[in-house]
Amino acid sequence: MKVVLARPWNKTSMLIPNHGLGYLAASVHRNGHAAIVIDCIRDKLQADNFADRMREIKPDIIGFQVYTFDLPILDAYLQALCHIDAILIAGGPHPSAAPSDMCRRFPGIQLFIRGEAEQSLPRLLDAISAEGKIPPQNILDSIPGLFTHETPVPEAIPCAITDDLDAIGFPDWDQISPNDYPVAPQGTFTRRLPVAPIIITRGCPYPCTFCAGKLISGHRIRTRSVDHVIEELRMLKRRFGIREFHIQDDNFTFYREYVIEFCHKLTEAGLDLVWACPNGIRLDSLDEDVLRAMDRAGCYSVAVGIESGSQRILDLMRKQTTLNDLVWKVQQIKRVTSWYITGFFILGYPGETPGEMEATIRLSRRLPLDKANFGILMPLPGTQAETAALDMGWHPDTDLLRMSEYRSPFTPKGLTQTEFRRMFRRAFVGFYARPRIIWSFLRQIKSIDQIRILWRRLKDVILP
């Protein structure tokens with residue numbers, strides 16, 4: 001069968017090789033089917049252009065990776081595909097976290113998968129191939145994570161989870177080549193080019209109320225073997241010439257012994273790679289031995305989740321830490337290493353007061369950070385933050401196109417959206433309009449592409 005795996009276009013300024021689609025493509029190929037990855041963000045394919053590509057490719061199946069803020073855009077894609085004869089499948093974060101909502105919104109999509117689809121999708125393709133059509137419900141019910149419009153309670157279908165991460169191999173890097181993506185994929189700056197992102201762990205045991213990750217990949221942390229990761233890095237250097245890699249998962253540092261083993265074997269491999277953790281790691285997972293091991297192995301930059309300058313809000317978020325511990329850990333990183341540190345903060349948590357947001361802004365300037373990323377709270381489906389926002393009168397159909405890193409359809413009580421946007425902009429300006437930060441940015445700019453990306457991100461912050 002011929003399968004197209006696609007992510008719809010959106011306005012994100014953070015563009016990296018799509019691991020989810022890459023892993024699925026590799027799994028589909030191993031089962032004897034043909035998979036074509038189309039990253040509509042990278043390729044700038046909006047709905048009509050995508051439909052034109054489908055007329056050329058003539059796929060049997062089109063599978064969409066769907067995030068919550070893709071919902072209005074996905075609707076336009078489906079309308080453009082109305083005369084394309086292909087079975088439509090959706091998976092990814094939104095179908096995993098809000099399966100009934102997907103069924104309600106998209107009657108034209110026949111099949112949905114919750115969770116990790118590397119094993120489920122090939123089984124589904126085999127079943128469709130054998131039947132020559134969508135198989136009967138009793139066969140579909142045997143495929144992990146799969147649900148349809150006929151499923152009585154989609155939320156009762158457990159997410160598919162892959163236990164052996166080594167067994168699914170590497171992503172199909174030929175279709176998500178790091179050389180086909182921007183030179184500043186995430187975090188704006190890199191130390192060496194080319195750079196490739198990798199995933200080492202899946203799952204999250206933490207109870208943070210704003211994060212939907214565990215709804216997709218489960219609570220249990222699973223790791224690839226260190227040797228498997230080193231082999232992927234060796235392959236990426238040999239085939240794509242990478243000189244730097246970025247660890248994209250949030251829980252790389254969850255098992256300290258794993259981190260130390262990884263750093264030791266990476267050094268032994270002699271690959272001469274530098275690396276960073278730009279997606280964020282928990283400060284309470286770090287100690288001096290871990291920091292020194294990472295430093296010796298070539299790590300030069302980390303992002304850390306601080307989230308708020310208010311202990312009350314940290315408790316509401318269930319961060320399971322204190323402000324004093326967060327401050328101490330950031331200072332420890334600076335004391336032990338010479339790393340570039342990015343702090344992640346969230347503004348607009350349900351129930352947060354303007355004064356508490358101001359405390360977060362002040363904390364960002366007080367800490368020895370090199371960069372701060374202020375995200376607006378996204379009330380993601382299935383999270384306790386969504387429940388809190390709903391209790392405050394928010395409706396999830398409100399302008400979903402605004403649900404992104406620097407936009408949210410939810411505005412905290414006590415502020416108009418204009419006032420909230422003004423506070424958000426003040427957070428960025430207050431942090432970055434300082435000589436030390438400006439000089440640091442200027443020293444790191446190495447290309448016109450980086451300037452363009454900075455400009456796009458600045459517009460995301462400045463514009464209403």
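A few comments on the model shown:
- The length gained by stretching the chain between Thr148 and Arg238 to full extension, at 0.36 nm per residue less their Cα-Cα distance, is 28.1 nm.
- Degrees between helix 256-269 axis and first principal axis of the chain (Cα, 0 to 90, nearest 10): 80
- Sequence-ordered 3J(HN,Hα) estimates for the range 204-210 from the Karplus curve with 6.51, -1.76 and 1.60 and θ = phi - 60° stand at 8, x, 7, x, 3, 7, 9 Hz, glycine and proline given as x.
- Shape category assigned to the range 2-156 from the gyration tensor of Cα positions, a/c cut at 1.5: rounded
- Contact order normalised by residue count of the chain, Cα under 8 Å, 6+ apart, percent: 13
- Around the amide H of Gly309, modelled in the peptide plane, lie the amide H atoms of Thr360, all under 5 Å away and 5 or more residues distant in sequence or on another chain.
- Other-chain or far-sequence residues with amide H under 5 Å of Ile242's (modelled H): Lys237
- Sparse-neighbourhood loop sites, trypsin sites (Lys or Arg not before Pro) in the range 26-128 - DSSP loop, at most 10 other Cβ within 10 angstrom: Lys44
- Helix 417-432 vs. the chain, principal-axis angle (Cα, 0 to 90°, nearest 10): 60
- In order through the range 224-238: 3J(HN,Hα) via Karplus (6.51 cos²θ - 1.76 cosθ + 1.60), integer Hz, x for Gly, Pro: 6, 5, 4, 4, 5, 5, 4, 5, 5, 4, 4, 5, 4, 5, 5
- Each Lys or Arg adds one and each Asp or Glu takes one away; over the other residues whose Cβ falls under 12 Å from the Cβ of Ile341, this sums to +3.
- FRET efficiency for Ile57 and Ala130, using Cβ-Cβ distance with R0 set to 25 Å, rounded to 0.05: 0.65
- In degrees, nearest ten, helix 435-444 long axis to first principal axis of the chain (Cα): 50
- Residue-averaged [θ]222 nm for the chain, counting only DSSP H segments that reach four residues, each worth -39500 (n - 2.57): -12000 deg cm²/dmol
- Over the range 2-156, relative contact order from alpha-carbon pairs under 8 Å, at least 6 apart, %: 22
- Amide hydrogen proximity for Ile376: with H placed 1.01 Å from N in the peptide plane, the residues at 5 or more positions away or on another chain lying under 5 Å are Leu347, Arg407.
- When only alpha carbons are used to place a centre, the range 1-68 and the range 246-302 end up 31 Å from one another.
- For the range 283-298, the Karplus equation 6.51 cos²θ - 1.76 cosθ + 1.60, evaluated at θ = phi - 60°, returns couplings of 5, 6, 8, 9, 9, 4, 5, 5, 4, 5, 5, 5, 5, 5, 7, x Hz by residue, with Gly and Pro reported as x.
- For Ala433 and Gln110, the FRET efficiency from 1/(1 + (r/R0)^6), where r spans their Cβ atoms and R0 equals 51 Å, is about 0.50.
- Set of the range 95-109 residues, backbone N closer than 15 Å to the point 7 Å along the Cα-Cβ line of Arg220: none
- Shape category assigned to the range 283-379 from the gyration tensor of Cα positions, a/c cut at 1.5: prolate
- Proximal charge balance of Pro144 [Cβ under 13 Å; K/R count +1, D/E count -1]: -2
- In this simple spin-label approximation, Gln311 and Arg335 carry label points 7 Å from Cα along the Cα→Cβ vector, and these lie 2.1 nm apart.
- Förster radius 60 Å - calculated FRET efficiency between Asp141 and Asp174 (Cβ-Cβ, nearest 0.05): 0.95
Quick note: the coordinates plus some simple rules give every number you see, no bench work behind them. Nothing here was measured: the structure is a model prediction, and the numbers come from that model. Note that each Cβ is placed from the backbone with ideal geometry, even for glycine, and that neighbours are counted across all protein chains shown.
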